[in-house]
Amino acid sequence: MRTLIANGTVVTAEGSYPADVLVDGEQIAHVGSDLANAAAADETIDATGRYVIPGGIDIHTHMELPFGGTFAKDTFETGTRAAAFGGTTTIVDFAVQSRGKSLREGLDAWHAKAEGNAVVDYGFHMIMSDVNDDTLAEMDQLVAEGVPDFKLFTAYPGVFFSDDGAIFRAMQRTGKNGGLIMMHAENGLAIDVIAADTVAAGTTDPIGHGLARYSVLEGEATNRVIRLAQAAKVPVYIVHLSAREALDAVRLARDEGLPAFAETCPQYLFLSLDDMGHGFEGAKFICSPPLRTIDHQPELWKGLVKDDLQVVSTDHCPFDFHGQKDLGKGDFRKVPNGLPGVEDRMDLLHDGGVVGGKITKERWVEVTSTAPARLFGMYPRKGTISVGADADIVVYDPNRSHTISAKTHHMNVDYSCYEGRSVRGGSDVVMSRGSVVVRNGEFTGRKGAGKFLKRAAADFARMA
Ligand code: URP
Ligand code: ZN
Ligand code: ZN
């Protein structure tokens, strides 16, 4: 099957230019001008007036994550389908090692959840709940199997929390096996004390979550794990960075030439602590780190512009408001942590970033696709429009407006954090390895068509 995407503007991290793109089978075969005359195609997609961009890559999702006595609601089928509607054609999800079990068991469980269900390609990172001789040895095997990243937590004591010694040992191991440590950096021990004090003082509503998780404690933990990585002589990647203090720690490290990398998420760019008020409604916005006061947002945008933040991912982790978030009625500490977002990322960033004049369209493509591909061992197979790359392509209309709503979104969750928000920009045609999976609002893909991506250890040379 040969598909010609004609008359569009190709937008990559490197630049934009008018070009036709010829897809042959699963790959991009040609990029150039007037290919219509040169190549017989089975189908021609007219991209006049639209961008032709590499499919979005969301390297931070949690399909079916067990949390707080329940499970994140999207499966690999519903979650990747929603991703595709939003122009994201690759996800990297976090497999979970349960306490006392092996990494292998956790990874196998995640393969079983995804295989035969995902509609677009997917990879895995591994959440490490125990660091011991056995799990450290297992890390080497996972790197060899294309799961080269390991998330550890300074948050969630008693659940995912690791102490500094455990984190340092895991970092040392990646120094030998080429893997990467991804850190959830908040001082969970101190936060739990403050949260208990907050409840004892009578604040049990969701706003207490935002008030108790001080931004300075994200800054402290971020600096601490960066310095641990420095001592272990390895790179480190900070996930879901939300606060100015944490960004300052990353900036300082990068100014020193250290290989410290970080992502932020749309919720920290577009939502704020104010959304956590309004009584129990605020539970819709409970995630960790929490939404911050609005004054953090300009700093995060600056971080994206100056490349102190390299990636925008979603931390997609949806729980229904009715039946899941309400487990925490009367005590915000019992609300499952996480927000839906995999479907909205590209449009929010286009609208608020590109249309809003904060980043260029090339930077938009970079932070949502190219940099994730580079940092997480998928480039140039994913993350760009070039000959030989996978034909994960989005024909994106920068002028079409739509209103985000739970009534129309495809994520399997009963609310939207962005309900009623109008955004400019939308994915008209979404192609995954040469097959059209979404066309003008209709799903044309297939459950099980998404394949596991065996990823290389991260390529840090360019960014360091
Ligand atoms: O609130 C969040 N972020 N939930 C998902 C788990 C995590 O820490 O990433
Ligand atoms: Zn986390
Ligand atoms: Zn997460």
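The values are calculated or read from the model by the stated rules, or taken from the named source; none is laboratory data. Small disclaimer: the values here were computed from a predicted structure and weren't measured. Don't worry about glycine lacking a Cβ; one is built from the backbone with ideal geometry, like all the others, and counts go over all protein chains shown. Just so you know, the surface numbers come from the protein's heavy atoms only, side chains and all, with ligands and any DNA or RNA stripped out. Shrake-Rupley method; radii C 1.70, N 1.55, O 1.52, S 1.80 Å.
Might you let me know whether region 403-412 holds any residue that is over 21 Å from residue 439 (Cα atoms) and open to solvent by less than 10 Å² (accessible area, probe 1.4 Å)? No, because not a single residue in region 403-412 is over 21 Å from residue 439 (Cα atoms) and open to solvent by less than 10 Å² (accessible area, probe 1.4 Å). Of all residues in region 148-159, those satisfying the criterion of being within 16 Å of ligand 3 (Cβ to nearest atom) and assigned to a loop (DSSP other than H, G, I, E, B) are 154, 155, 156, 159. Scanning region 183-214 for residues that are among the small types (Gly, Ala, Ser), closer than 21 Å to residue 294 by Cα and either more than 22 Å from the chain's Cα centre (by Cα) or surrounded by fewer than 19 Cβ atoms within 10 Å (Cβ to Cβ) (or both) yields 208, 212. Looking only at region 193-211, residues that are part of a helix (DSSP H, G or I) and in contact with an Asp or Glu (Cβ under 8 Å, 6 or more places away or on another chain) come to 1 in all.
Pairing residues of region 335-361 that are under 18 Å from residue 313 (Cβ atoms) with residues that are acidic (Asp, Glu), at Cβ distances under 6 Å and at least 6 apart in sequence or on separate chains, gives 342/58. Taking region 2-105 as the region of interest, the strands (runs of 3 or more DSSP E) fully inside it that hold 1 or more residues being within 16 Å of ligand 3 (Cβ to nearest atom) and in contact (Cβ under 8 Å) with a residue 12 or more places away in the chain are 56-61, 88-96. For region 276-285, the candidate set comprises residues that are surrounded by fewer than 19 Cβ atoms within 10 Å (Cβ to Cβ) and part of a helix (DSSP H, G or I); within that set, the residue that is farthest from ligand 1 (Cβ to nearest atom) is 279. Scanning region 413-439 for residues that are more than 25 Å from residue 383 (Cβ to Cβ) and open to solvent by 20 Å² or more (accessible area, probe 1.4 Å) yields 414, 419, 420, 421, 422. Every condition in (1) out of contact with any strand residue (DSSP E or B) (no Cβ under 9 Å at 6 or more places or on another chain); (2) within 16 Å of ligand 2 (Cβ to nearest atom) is met by residue 325 except one, and the failing one is (2). Within region 117-158, no residue satisfies the criterion of being on the phi > 0 side of the Ramachandran plot and of a type in the set (D, E, K, R).
The numbered conditions (1) within 16 Å of ligand 1 (Cβ to nearest atom); (2) open to solvent by less than 10 Å² (accessible area, probe 1.4 Å) are all true for residue 171 except (1). Against the test of being at positive phi and among the small types (Gly, Ala, Ser), the options 282, 323, 277, 303 yield a single qualifying residue, 323. Just name the residue that is most open to solvent (accessible area, probe 1.4 Å) out of those in region 221-241 that are away from ligand 2 (no atom under 16 Å from the Cβ) and within 21 Å of residue 299 (Cα to Cα). My answer is 223. Close Cβ contacts (under 6 Å, 6 or more residues apart or on different chains) running from residues in region 238-264 that are of a type outside the set (S, T, N, Q) to residues that are open to solvent by 10 Å² or more (accessible area, probe 1.4 Å) and within 14 Å of ligand 1 (Cβ to nearest atom) comprise 240/315; 243/292.
Inspection of region 262-274 identifies at least one residue that is more than 23 Å from residue 368 (Cβ to Cβ) and within 16 Å of ligand 1 (Cβ to nearest atom).
For the criterion of being surrounded by fewer than 24 Cβ atoms within 10 Å (Cβ to Cβ) and not basic (Lys, Arg), residue 67 passes. I'd like to check something: does region 117-128 contain any residue that is at pLDDT 95 or above and open to solvent by 10 Å² or more (accessible area, probe 1.4 Å)? Yes, region 117-128 has at least one match. Checking each residue in region 334-358 for being more than 19 Å from residue 394 (Cα to Cα) and over 18 Å from the mean Cα position of the chain (by Cα) picks out 334, 335, 336, 356, 357, 358.
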